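**Q** What follows is a single structure, and I will ask about it in a moment.
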Amino acid sequence: MRVLIATQAERTHFLGLVPVAWALRAAGHEVLVASQPALGPVVTGAGLPFAPVGRDHYFARVSRDGLADRHLDFDMAEDRDEVLTWEYLREGYGKVVTWWWRMVNDPMFDDLVALGRSWRPDLVVWEPSTYAAPVAAQACGAAHVRHLWSVDLFTRVRRIFLRRWAEQPEADREDPLADWLAGRAARHGVEFSETLVQGQATIEQVPASLRVPSPPGVDYLPMRYVPYNGRAVVPDWLRTPPERPRVGLSLGTTATLRLGGYTVDVTALLEGLSELDVEVVATLPVHEQAKLGTVPGNVRLVDYVPLHALAPTCDAMVTHGGPGTVLTGLAHGVPQLLVPHARMFDIPVLSRLVEAQGAGTVLPPEQVDPDTVGAAVRTLVNEPGPARAARGLGREIAALPTPAQLADTLTALARR
């Protein structure tokens, strides 16, 4: 079987696709990853074949310049019925389509369809904002499935939007996503349907306890989260058990790449941890380390360390709430202090769900100070409840089908 893995050029989103890509290769299938040229070194660094399509998008640059933030004031995590009016959804959806989905998809549409028609995959696995992929799949007659990197806010907001849309007079009905996607699909002989939005099935790595309510009609395929952070070298010091409780600090890569810096005061985080009898391992890029000046004596600053190797040695973690970081920690049963940026799409939702399960504490960035940080992490390290809840979520993750088992399911789906 030939499998095309399709994603717009977003490094962290691609990394979550690697375990299933390798499971399919190990099962004997031919796998090819397609994305914009900028993602090439990341894909080949994972040992996977790469096909560049189209040209690079400018979403990261526009985000750093602040243009996207001024237009993406639509909170896809919003769940209050009184806020989710037709006017709010129509205007917000139009902005998301214009300032995110069109921006990352339009540069690759035609090339991706051409690749599909020439390479003839049996199955296309696609990242959930890469809407060019299901069009390419249907244009060449392949089955296709979405591969989520976090909670499924895409489907939730789509269903709410369609309910509000159906309530409007016919003359007032607008659907920015359908209008844009139908136009692109028609160029390639594909008719628009909601299958282009949600896939024929959806791979979900978030355990049931952390899912948002699933709407009917979506075929979810659960898969165990397998941490993959890219090429990794485990340093000598990490192979020696710590003498004190260890706290790992990992704030992800998106903030520095897209927003120009962290949205939380790192100095306050480290100062809050300085009074605790713990060893702190703070994974910060060199340019971010340079902003700190002198750090407390219990802090080890590292530019990069494989999170899947660091997490098992930690008694607690301080994280930004990103799905890769959160799920890596939970897979090893580590409770977390979560400091999510309120405007980072799924991150606040996932953070609150972890807190609701008792496996973490949410502290909004604007409330971060040494006292709040110290008190929260002291509880995570010393009280048994958070660790017990985190280990429970870790067992739930471990009980999900492995990528190898999912590969068999995907093979059967493609044959159908």
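Any read-out appearing in this document is the output of simple, stated calculations on the displayed coordinates, not a laboratory observation. Everything numeric here is computed off the predicted structure, so don't read it as measured data. With ideal geometry, Cβ positions are generated from the backbone for all residues, glycine too; neighbour counts draw on all protein chains shown.
**Q** If you stretched the chain out fully between Val233 and Ser214, how much longer would it get, using 0.36 nm times the residue separation minus the C-alpha to C-alpha distance? Write out the running numbers ahead of the final one.
**A** Working: separation 19, 0.36 × 19 = 6.84 nm, distance 3.83 nm.
Taking Val233 through Ser214 to full extension adds about 3.0 nm, to one decimal.
**Q** What is the stretch 318-402 by shape, rounded, prolate or oblate, if you read a ≥ b ≥ c off the alpha carbon gyration tensor as root eigenvalues and call it rounded for a/c under 1.5, prolate for a/b larger than b/c, and oblate otherwise?
**A** On the way: a/c = 2.51, a/b = 1.28, b/c = 1.96.
Here the stretch 318-402 falls in the oblate category.
**Q** For Thr202, what is the net charge nearby, where nearby means another residue's Cβ is under 9 Å from its Cβ and Lys, Arg count +1, Asp, Glu -1?
**A** Taking every other residue near Thr202 into account, the sum is -2.
**Q** Also, quick follow-up: Which is farthest toward the positive dipole end of the chain among Leu330, Gly272, Pro19, measuring Cα position about the Cα centre, with Cβ charges +1 (Lys, Arg) and -1 (Asp, Glu)?
**A** Selected residue: Pro19.
**Q** Starting from the Cα gyration tensor of the stretch 236-398, take the square roots of the eigenvalues, sort them a ≥ b ≥ c, and report rounded, prolate or oblate (rounded when a/c is under 1.5, otherwise prolate if a/b is larger than b/c, else oblate). All intermediate terms of the calculation are to be shown ahead of the outcome.
**A** Numbers: a/c = 1.33, a/b = 1.11, b/c = 1.21.
Cα axes put the stretch 236-398 in the rounded bin.
**Q** Looking at the chain as a GNM with Cα springs under 10 Å, which of Gly141, Gly360, Gly217 has the largest mean-square fluctuation?
**A** Of Gly141, Gly360, Gly217, the Gaussian network model singles out Gly217 as fluctuating most.
**Q** Next question, about the same structure. Tell me what the chain gives for mean residue ellipticity at 222 nm when only DSSP H runs of n ≥ 4 count, each as -39,500 (n - 2.57), the sum divided by the residue total, rounded to 500 deg cm²/dmol.
**A** On the way: 21 runs with 177 residues, N = 416.
Result for the chain: -11500 deg cm²/dmol, rounded to the nearest 500.
**Q** Using a Gaussian network model of the chain whose springs link C-alpha atoms within less than 10 Å, name the residue from Asp111, Asp236, Asp152 with the highest mean-square fluctuation.
**A** Of Asp111, Asp236, Asp152, the most mobile in the Gaussian network model is Asp236.
**Q** Would you look at the GNM of the chain, springs on alpha carbons closer than 10 Å, and say which of Ala376, Ala316, Ala356 moves the most?
**A** Ala356
**Q** Pull up all non-local amide H partners of His144: gap of 5 or more, or a different chain, and H-to-H distance under 5 Å with H placed in the peptide plane.
**A** Amide H to amide H, under 5 Å and 5 or more residues apart or across chains, His144 pairs with Val124, Gln200.
**Q** Give me the dipole magnitude in Debye, nearest 20, for the chain about the Cα centre, with unit charges on the beta carbon: positive for Lys and Arg, negative for Asp and Glu.
**A** Numbers: 39 positive and 47 negative charges, 262 e Å.
For the chain, the charge dipole is close to 1260 debye.
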